[in-house]
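Step one of this worksheet: look at the structure below.
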Amino acid sequence: MIITLPLDHFALRVLDREAALPSFTRVGYEVVDEFELTLKDGSKAHSYALKKPGQPEIFISSGPPGSKMHAWVTKRGGRGAVHHLAYHVDDVTATMLEWEADGVEFDTLLTCPCERPLTQVFTKEDPTTGLIYELITRNGHPGFCKENVRRLMNSSPE
């Protein structure tokens, strides 16, 4: 059975988020949030959240040399790449169980500690595409949960 899930957002990791920004603003995306995260290893991640009406959100992150973000991009030849694709689902746990039955392995289940809990689960990196896939239920949550972003970045290798 083929199930169609709407793309909620995608996340890019790049060496320089400032340099990457015009690629999206020239086609109508706008920065709606900007923040810095300090990870448990002490490295930093600098992030933009971008929106365009009717389109999936975009999340762009970079970090200074020595950071997890920088190491991740450098490992891929120094060019930015899509880190994960996030699909909106009505029930993260139920969909996760269906995918697990198909052999998909999951890594991190997160619930944002806010009044409208955002629930997310991430697969392990797909060996054929190199991507991580996310299932997300927003429960009316309008954007990104910075604490969930920090937890994801802390849990991912490099």
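The values are calculated or read from the model by the stated rules, or taken from the named source; none is laboratory data. Quick caveat: nothing in here was measured; it's all calculated off a predicted structure. Neighbour counts are summed over all protein chains in view; Cβ atoms, including those assigned to glycine, are modelled from backbone coordinates with ideal geometry.
Pairs under 6 Å by beta carbon, first residue aromatic (F, W, Y) in the range 106-119, partner in a strand (DSSP E or B), six or more apart or different chains?
What qualifies is F106/V121; F106/T123.
Which members of the range 109-126 meet the condition of being in contact with a strand residue (DSSP E or B) (Cβ under 6 Å, 6 or more places away or on another chain) and either among the aromatic types (F, W, Y) or farther than 16 Å from V89 by Cα (or both)?
So the first thing to find is which residues in the range 109-126 are in contact with a strand residue (DSSP E or B) (Cβ under 6 Å, 6 or more places away or on another chain), and the list is 109-111, 117, 119-125.
Hits for the range 109-126 are F122, K124, E125.
From the set of residues in the range 1-55 that are farther than 18 Å from L152 by Cβ, of a type in the set (G, A, S) and assigned to a loop (DSSP other than H, G, I, E, B), which is nearest to the chain's Cα centre (by Cα)?
Taking the candidates together, the pick is G54.
For (1) at pLDDT 85 or above; (2) of a type in the set (D, E, K, R); (3) surrounded by 15 or more Cβ atoms within 10 Å (Cβ to Cβ); (4) not in a loop (DSSP other than H, G, I, E, B), each residue gets a yes or a no:
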position: G103; (1), (2), (3), (4): yes, no, no, no
position: T108; (1), (2), (3), (4): no, no, yes, yes
position: P113; (1), (2), (3), (4): no, no, no, no
position: R116; (1), (2), (3), (4): no, yes, no, no
position: Q120; (1), (2), (3), (4): yes, no, yes, yes
position: E125; (1), (2), (3), (4): yes, yes, yes, no
position: T129; (1), (2), (3), (4): yes, no, no, no
position: L135; (1), (2), (3), (4): yes, no, yes, yes
position: G140; (1), (2), (3), (4): no, no, no, no
